[in-house]
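The values are calculated or read from the model by the stated rules, or taken from the named source; none is laboratory data. Just so it is clear, the structure is predicted and the values come from calculations on it, not from any experiment. Cβ: placed from backbone, ideal geometry, glycine included. Neighbour counts: every protein chain shown.
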Amino acid sequence: MKFAPRIDRVQPSMTMAVIEKAATLRAQGIDVVDFGAGEPDYGTPENIRDAAKRALDAGYTRYTKNTGIDPLREAICVKLKRDNGLEYSPDQIIVSNGAKHVLFNTMMATLGEGDEIIIFSPYWVTFPEMAKLTGANPVIIRTTEANCFEPSLDEVRKHITENTRAILMNSPSNPSGMVYSEETIAGLADICIKNELYLISDECYESITYGAEAISPARYEDESKFVVTVQSMSKSYAMTGWRVGYAAGNKALIGNMAKIQSQSASHANSIAQHAAVEGLNGDQSFLKSMVAEYEKRRDYVLGRLNDMPGITSGKPEGAFYAFPNVSSYYGSSYDGKKITDSGSITDFILEEANVAVVPGGGFGNDENIRISYATSMEELERGLDRIESALQKLN
Ligand SMILES: Cc1ncc(COP(=O)(O)O)c(C=O)c1O
């Protein structure tokens, strides 16, 4: 059977591979501690669930406007002003099926065959693959732990060619949890404005920060032209399964994204859109307490990791991931199993410690592994105890 050439260009997700391996062990009755999750361990708050029930009973079960229902686009504008200091009008907003879908629409509207998009590693696994689906070439710029995984603006300037169309940034970052400094964000905005490039800002974790402020690059644009602000209900409101994300940007670009969406998914789920209105307009105390709990977990995880010999980890200031460097174990072995890279150490941790973590290789950074702390303190303690004892076996 023949498939479209684009299929061969795209890699399956490494995160999924870990989930599958962990599921196989579980099916054998093995108790696996899961540090692989990319979603809150919280349920959606009651007020949001109640709003969905009301929407269902009120009969909001028909097609909606392609770009999203008016109350939601209005609520998004109020939220962007309140939480991010950004001025947008509802006609500059499009609602889609999660930020992933928003990013896909953005790339479909801005990138063509042979175009280049600059992406910083470590990156969220989907970024380069999604770019490839549009026919564009991802240009990866490595960032370093020494620089808190922030891109060097000089490096960015050096990588701009006549084919560059966009730069993609993600702060707070999945997988590193790092939050970019004001200087870097303003610098990236300046580069994009001067070179007439889109700056696609994935702000999925903007509300989950610990002391640091997640600044939107759109703050540095007087009139919305090049910056596309992408946010999501998924992580902030524990609504991953509802599939609601949105973009704010230049009207012409949003119009073109709407055109693509109208010929593919049409719009986000009607009930989920009504629930999202309540999420954005309603009581925000859930978010505060969730973030406070994540911060405690982050401190615990970092303390434990940095106490383990051979592991170093910078201090993530956002999201719910730690991204420790484990490369000092490369070259060691146990029971005939040699550790050579992030994939083999992840396999070792899964098989010997029965803890699922994600290899950094999938995020373009092979020295590290990703540990999600979107799980209970008890699970964190259990899993970290197991990792610590397993690593002691390596020599
Ligand atoms: C950096 C990043 N962007 C986008 C997404 C997609 O989120 P959504 O559920 O809104 O599609 C994720 C989900 O893990 C993510 O980590």
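Results, tabulated for the structure shown:
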item: Given (1) of a type outside the set (S, T, N, Q); (2) buried (at least 21 other Cβ atoms within 10 Å of the Cβ); (3) within 15 Å of the ligand (Cβ to nearest atom), number of the condition L188 does not satisfy; result: (3)
item: Selected residue (only one of G364, G336 is at pLDDT below 95, surrounded by fewer than 23 Cβ atoms within 10 Å (Cβ to Cβ) and either within 16 Å of the ligand (Cβ to nearest atom) or of a type outside the set (K, R) (or both)); result: G336
item: Flag if I76 is within 15 Å of the ligand (Cβ to nearest atom) and among the β-branched types (V, I, T); result: yes
item: Among the candidates P138, P151, P172, residue that is within 11 Å of the ligand (Cβ to nearest atom) and either among the aliphatic types (A, V, I, L, M) or in the same structural domain as S262 (by TED's automatic domain parsing) (or both); result: P172
item: From the options A22, A37, residue that is closer than 30 Å to I349 by Cβ, in a loop (DSSP other than H, G, I, E, B) and modelled with pLDDT under 95; result: A37
item: Qualifying residues in region 238-262 (those that are in a loop (DSSP other than H, G, I, E, B) and touching an Asp or Glu at 6+ places or on another chain (Cβ under 9 Å)) - the one nearest to C148 (Cα to Cα); result: A238
item: Odd one out for A218, checked against (1) assigned to a helix (DSSP H, G or I); (2) touching an Asp or Glu at 6+ places or on another chain (Cβ under 8 Å); result: (2)
item: Subset of region 100-111 (residues that are within 12 Å of the ligand (Cβ to nearest atom) and buried (at least 24 other Cβ atoms within 10 Å of the Cβ)); result: V102, L103, N105, T106
